[in-house]
1. Identify the residues of segment 248-286 with backbone N under 20 Å of a label point that sits 7 angstrom from the Cα of Leu86 along the Cα-to-Cβ direction, or state none.
2. Among the aspartates and glutamates, which have Cα under 16 Å from the Cα of Lys265 when same-chain residues fewer than 8 positions away are ignored?
3. Please compute the length gained on full extension between Arg271 and Ile294, using 0.36 nm multiplied by the number of residues separating them and subtracting their Cα-Cα distance.
4. In terms of Cα to Cα distance under 12 Å, which aspartates and glutamates are near enough to Lys302, apart from those fewer than 8 places away along the same chain?
5. Can you give the FRET efficiency to the nearest 0.05 for Arg221 and Asp245, using r as the Cβ-Cβ distance and R₀ = 25 Å?
6. Can you tell me what share of the DSSP beta bridges in the chain is antiparallel? A percent to the nearest 5 is fine.
7. Could you pull the Rg and Dmax for the chain, using just the Cα atoms, both in Å?
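Please treat every number below as a calculation from the coordinates, not as lab data. Just so it is clear, the structure is predicted and the values come from calculations on it, not from any experiment. Cβ sites come from the backbone with ideal geometry, for glycine too, and all protein chains shown count toward neighbours.
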Amino acid sequence: MTSANSVDRTCHILNISIDLCTVDEPAAGGQRRIPGGTTLLKWTVDQLQWDSGSLATFDEAGYLLLGQLLSAEGLSAAQHELTRMLAELHPALRSDEIYSAHQSEPWLLELVSSTAILDVVEQVIGENIVIWSTHLICKPPGTGRAIPWHQDGTYWNLAGRMTSLWLAFDDVDDENGTMSVLPGYHRGILPRRGTGDDFFDEEIDPAALPQDVAARAVAYRFSAGEGAMHDVLIPHRSPPNRSPDRWRRVLVVRYMSADGDLGQKQYPHYRTNLPFDRQFILLRGRDIRNRGLIPAGDFLAKMRSG
Ligand SMILES: O=C(O)CCC(=O)C(=O)O
């Protein structure tokens, strides 16, 4: 594993500029905005909950609670942007299937590139970090689909170091459909079976799960703005949102080492439902295999200008 201390600090200019950019006109509600409409602020707290034992804990359990991730202003701005995006969602799409919106929403790319987050991601996958995908999974009150026990890595079938960040934009608990992980079961691929469902067509064979799976499962019961990181093979699931009045809006971010398999993919744009290609954006470090990764600063500039 690479330690944060060994990072090439010259490569951090991007992240520093994201956190410290100059602001101009104040907008309604105390937010500050730059031309192009991007909220520009310090998205996260200075440092996430991570110490010298955290990597070992993460490796052992397959997940780690990171505590409060978003700053107060970051949370409020993210909730504001999400509300807007959900109002703009194409009628053919569902609010739990907003994929890779960081390729069209500057605020999201800024957030996932935040220095405090990348400092932790770097501990797990090394110093050269690509964003592979994001997924906004927003379950409206009294609805949303159940996601059965599964392991992400088996769907992706990719070589390379990856890790997932899970970030709550609302308070989440058992009632409004938070996610649960099964600690310690991330060391190999578990047998699967078909579900007959088109949303999640496979699940871990229940016979491969421990009999006391419910007792062993750890639910992410978080206040808005808190997050966790998990291994791509950790079994996880989530139920529908059974709250009569509370949303459950979360973001899952997949980070990959820049030497991993990239994997082409198309997603529907959340606003137009038109397909767009996955782009490989370099958030930190170097394009070590010279595959034309796009520096995040360039991608942000292009989004803002276009
Ligand atoms: O947050 C959830 O509801 C489940 C997320 C999930 O299954 C995934 O990210 O693969």
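1. 248-253, 269-273
2. In chain and number order, the partners are Glu97, Asp152, Asp277.
3. Additional length available on full extension: 5.9 nm.
4. Glu105
5. 0.85
6. In the chain, DSSP labels about 95 percent of beta bridges as antiparallel.
7. Computed over the Cα atoms of the chain, radius of gyration and Dmax are 18.6, 58 Å.
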